[in-house]
Amino acid sequence: MSTESTTLILPVENMDSEHCAVIVDKALGTVPSVGAHRVELNNRSAVIESTTPVEAVRDVVKAIRDNGYDVPTLRRTFPVTGMTCASCVGSVESMLLAQPGVLNAAVNLATNTVQVEYVPGVIDERRMREVVLGAAMGDDVMIASGLEAGEEVVVNGTFTVDAAAQLNGIPSMMSPQGGPMPKGHEHSAVK
């Protein structure tokens, strides 16, 4: 089990007053998988820290909903290729459910699709598409659908591409949120 804490921001709907924020904050305090937490009324969000972010998001969503508020979710259906058996179904569902922000994943082997319910902003569709489309099929990786015109998949040199993305503030494997890189310290003052 990881001891590194992850900070996540979840949107909260119907939280319109300080009283509402106090109720949501108390609900967050009852979730065992959440360490530090705060509610930001102005941003209509809950900020949580957890060493088990997958469980924390699911537990927080339930706690908030149990107290009469809501965390908006999206349901999307993604194509999945190369599945031939129930084991494949289980693997795809497990990979998706292991991502913080994914609440439900249901694979339909007959239609080669997976329906995913997730919290937008906690995880984005690109990350889920990578998980689904990046599934290994023996020694190969099948990518038969799911890419838009102009999108690319990097199979060699991924860290070079990731570093370039980070330097340009683009979301990447190591920096999923993107944004400017920390400047560090300045060497020009040293003589």
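The values are calculated or read from the model by the stated rules, or taken from the named source; none is laboratory data. Predicted model only: the values in this text are computed from it and were never measured. We place every Cβ from the backbone using ideal geometry, glycine too, and count neighbours over all the protein chains shown. These area figures cover heavy atoms from the full protein model, side chains too; ligands, DNA and RNA do not enter into them. Shrake-Rupley method; radii C 1.70, N 1.55, O 1.52, S 1.80 Å.
Listing for the model above:
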| read-out | value |
| --- | --- |
| Pair list, Cβ under 8 Å, 6 or more apart: the stretch 98-125 residue touching a residue at least 60 places away in the same chain (Cβ under 8 Å) and farther than 17 Å from Val54 by Cβ, other residue of a type in the set (Asp, Glu) and open to solvent by 60 Å² or more (accessible area, probe 1.4 Å) | none |
| Asn67, sole failed condition from (1) modelled with pLDDT of 95 or more; (2) under 26 Å from Thr113 (Cα atoms) | (2) |
| Filter result for the condition that a residue is at pLDDT below 90, open to solvent by 70 Å² or more (accessible area, probe 1.4 Å) and more than 16 Å from the chain's Cα centre (by Cα), over Ala110, Ala136 | Ala136 |
| Among (1) over 18 Å from Pro120 (Cβ atoms); (2) open to solvent by 70 Å² or more (accessible area, probe 1.4 Å); (3) free of Cβ contacts under 8 Å to residues at least 12 places away in the same chain, the one test that Gly29 misses | (2) |
| Ser145, sole failed condition from (1) open to solvent by less than 60 Å² (accessible area, probe 1.4 Å); (2) modelled with pLDDT of 80 or more | (2) |
| Conditions (1) surrounded by 14 or more Cβ atoms within 10 Å (Cβ to Cβ); (2) touching a Phe, Trp or Tyr at 6+ places or on another chain (Cβ under 7 Å): number failed by Phe78 | (2) |
| Filtered residue count, the stretch 9-19, keeping only those that are open to solvent by 20 Å² or more (accessible area, probe 1.4 Å) and closer than 20 Å to Arg65 by Cβ | 7 |
| Condition broken by Met95, with the remaining ones in (1) open to solvent by 50 Å² or more (accessible area, probe 1.4 Å); (2) more than 28 Å from Ala21 (Cβ to Cβ); (3) part of a strand (DSSP E or B); (4) touching a helix residue (DSSP H, G or I) at 6+ places or on another chain (Cβ under 9 Å) satisfied | (3) |
| Residues of the stretch 48-71 satisfying the condition of being β-branched (Val, Ile, Thr) and more than 18 Å from Asp16 (Cβ to Cβ) | Ile48, Thr51, Thr52, Val54, Val57, Val60, Val61 |
| Every residue from the stretch 41-71 that is of a type in the set (D, E, K, R) and either assigned to a helix (DSSP H, G or I) or without any contact (Cβ under 8 Å) to a residue 24 or more places away in the chain (or both) | Glu55, Arg58, Asp59, Lys62, Arg65, Asp66 |
| Flag for Val24 being closer than 18 Å to Val116 by Cα and buried (at least 17 other Cβ atoms within 10 Å of the Cβ) | no |
